[in-house]
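Okay, so here's the structure we're looking at.
What follows draws every value from the coordinates through simple rules; no lab data is involved. Since this is a predicted model, take the numbers as computed values, not measurements. Cβ: placed from backbone, ideal geometry, glycine included. Neighbour counts: every protein chain shown.
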Ligand code: SLL
């Protein structure tokens, strides 16, 4: 069989996360960063599962994803020198210092045997967190959190439908580390607040889990159901309006 021939009936998924971490600069960590820079951040795309070796300081990245990703181009804000950062080996990430948030364009190029078009995704670089902080009355209200670290990650899946024979062989040899069934460590999924501020936080970095995947699926199902019922309602209104228009047309005709 031709190595480039597409394999009918096969769909292979690879879970990834993309996003950023950010920490406030301190006199000790500032290094050569310009005086107006306030944060050091890392924007990255990684495998979704977190390392299984007990490390709690990283989000995702358990698997090397370079068997299916050849190159990632991070397009930064134009205030950065060489704002198109090309990363052609793992880890697929860029670390910088800066003062402002902006949209990062992440262009993923797959290995050539995949014969897939590059994919572009966007991530809004997050430097400032918002989270519950006690107000004067002792109640928790959302307030800016000035001390990092910030974690803003999005779970996604690359779906390869009818991959080439060569690519399918590669994919089947490299199953992704499964996500844990439940979160072994705390913190909210997308933006993680400093541990001391989050009651539910068991410490460490956030983690993506099958439970979250399931919850996301359920949210999508609910949204779909809502759309169907809203569409039905609108269709009803439309039919009523059309009847009304017919009636008015007839009235106008009978008058002339
Ligand atoms: C803003 N839309 O106006 C954003 C732009 C720009 C971020 C943020 C420093 C780059 C450099 C930097 O943080 N740029 O000068 O090295 O808020």
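Tabulated results
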{"read-out": "Residues in region 1-24 that a label on residue 165 would reach, taking backbone N under 16 Å of a point 7 Å out along Cα→Cβ", "value": "1-10"}
{"read-out": "Förster radius 45 Å - calculated FRET efficiency between residue 128 and residue 6 (Cβ-Cβ, nearest 0.05)", "value": "0.50"}
{"read-out": "Label-point separation in nm, residue 157 to residue 244, each point 7 Å along Cα→Cβ", "value": "4.4"}
{"read-out": "Residues 108, 23, sorted so that the one with the fewest Cβ neighbours within 10 Å comes first", "value": "23, 108"}
{"read-out": "Residue order, fewest to most surrounding Cβ atoms within 10 angstrom, among 237, 150", "value": "237, 150"}
{"read-out": "Residue order, fewest to most beta carbons within 10 Å, for 156, 57", "value": "57, 156"}
{"read-out": "Gain in span if fully extended, residue 254 to residue 30, counting 0.36 nm per residue against the direct Cα distance", "value": "72.4 nm"}
{"read-out": "Estimated inter-spin distance, residue 23 and residue 84, nm [label 7 Å along Cα→Cβ]", "value": "3.2"}
